[in-house]
1. When only residues in the range 6-43 that are more than 18 Å from VAL163 (Cα to Cα) and of a type in the set (Ser, Thr, Tyr) count, which is least open to solvent (accessible area, probe 1.4 Å)?
2. So for the range 59-71 (the condition being surrounded by 19 or more Cβ atoms within 10 Å (Cβ to Cβ), under 19 Å from the mean Cα position of the chain (by Cα), touching a residue at least 12 places away in the same chain (Cβ under 8 Å) and over 30 Å from ILE13 (Cβ atoms)), does at least one residue qualify?
3. What number of residues in the range 103-115 are open to solvent by 100 Å² or more (accessible area, probe 1.4 Å), of a type outside the set (S, T, N, Q) and in a loop (DSSP other than H, G, I, E, B)?
4. Which numbered condition in (1) modelled with pLDDT of 90 or more; (2) among the polar types (S, T, N, Q); (3) surrounded by 12 or more Cβ atoms within 10 Å (Cβ to Cβ) is the only one that GLN161 fails?
5. Would you mention how many residues in the range 132-174 are assigned to a loop (DSSP other than H, G, I, E, B), under 19 Å from GLY52 (Cβ atoms) and aliphatic (A, V, I, L, M)?
6. Is it true that PHE58 is touching a Phe, Trp or Tyr at 6+ places or on another chain (Cβ under 8 Å), at pLDDT 95 or above, among the aromatic types (Phe, Trp, Tyr) and within 27 Å of TYR134 (Cα to Cα)?
7. Among the residues of the range 175-194, which ones are out of contact with any Ser or Thr (no Cβ under 9 Å at 6 or more places or on another chain), hydrophobic (A, V, I, L, M, F, W, C) and part of a helix (DSSP H, G or I)?
8. Picking from TYR134, TYR92, TYR139, TYR155, which residue would you name as being of a type in the set (Ser, Thr, Tyr), modelled with pLDDT of 95 or more and open to solvent by 60 Å² or more (accessible area, probe 1.4 Å)?
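The values are calculated or read from the model by the stated rules, or taken from the named source; none is laboratory data. Just so it is clear, the structure is predicted and the values come from calculations on it, not from any experiment. When we count neighbours, we look across all protein chains shown, and the Cβ atoms used for this are built from the backbone with ideal geometry, even at glycine. Accessible surface is based on the protein model in full, side chains and every heavy atom, while ligands, DNA and RNA are left aside. Shrake-Rupley method; radii C 1.70, N 1.55, O 1.52, S 1.80 Å.
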Amino acid sequence: MIYSNLEFLIFFIIVFALYWLIDGRKRLYVLLLASYLFYASWNVKFLVLILGSTLLDFVVGLQLERVAPEQRIRWLAVSVTGNLLVLSIFKYCDFFIKSAGELCALLGIGVEVQTLNLILPVGISFYTFQSMSYTIDVYRGQIRACNSLVHFMLYVSFFPQLVAGPIVRACDLLTQFAAPPRFSSEFIISGGRL
């Protein structure tokens, strides 16, 4: 689903209507379900990656506030290593395999190289760095760890900015999820113009 096509407009209108028709806290579940449906519309298999990154950083965020100060850097390293490892595999693995094969050929070493032909998951860089920025902010003490898994899942997967960014800071978006929404015709008109 691409932002500029009719399919997305219909999807957005349905989500918008459901959001305002449903009461209270259930609204966030509408946004969360819509966000995962949006991501799955491209390739349902890659939901595992976004869920894995989300759960990793949710747990790391909580641990950063619970462990002794000398253990905090280890937990941050778990987040950074885990996230960058997955990102590197999907973005650069085939490139490095091909480059190694070309280097061997230049050196006269006859090696048959087989790439993995990995598909790059849409938005993986955006959600990886957004999720990691949260753990870095918690580590630095700039924000408190999020205690709501639903809020955090929505922070990482929020469909209007999931695949094209911008990377949103946790302090900006998580506070909006916690606050009660207010309907404003001025916001609707302004958003429609944009």
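1. The selected residue is TYR19.
2. Residues of the range 59-71 that are surrounded by 19 or more Cβ atoms within 10 Å (Cβ to Cβ), as a first pass: 60-61, 63-64.
Subset that is under 19 Å from the mean Cα position of the chain (by Cα): 60-61.
Right, trim to touching a residue at least 12 places away in the same chain (Cβ under 8 Å) and you get 60-61.
Imposing the further condition that a residue be over 30 Å from ILE13 (Cβ atoms) reduces the set to 60-61.
For the range 59-71, residues surrounded by 19 or more Cβ atoms within 10 Å (Cβ to Cβ), under 19 Å from the mean Cα position of the chain (by Cα), touching a residue at least 12 places away in the same chain (Cβ under 8 Å) and over 30 Å from ILE13 (Cβ atoms): present.
3. Number satisfying all stated conditions: 2.
4. (1)
5. So the count comes out to 4.
6. Values: touching a Phe, Trp or Tyr at 6+ places or on another chain (Cβ under 8 Å): yes; at pLDDT 95 or above: yes; among the aromatic types (Phe, Trp, Tyr): yes; within 27 Å of TYR134 (Cα to Cα): yes.
Yes; evaluated as a whole, the condition is true for this residue.
7. Listed by number, the residues that qualify are PHE187, ILE188, ILE189.
8. Working: TYR134 fails: open to solvent by 60 Å² or more (accessible area, probe 1.4 Å); TYR92 fails: modelled with pLDDT of 95 or more; TYR155 fails: open to solvent by 60 Å² or more (accessible area, probe 1.4 Å).
Of the residues listed, the single one that is of a type in the set (Ser, Thr, Tyr), modelled with pLDDT of 95 or more and open to solvent by 60 Å² or more (accessible area, probe 1.4 Å) is TYR139.
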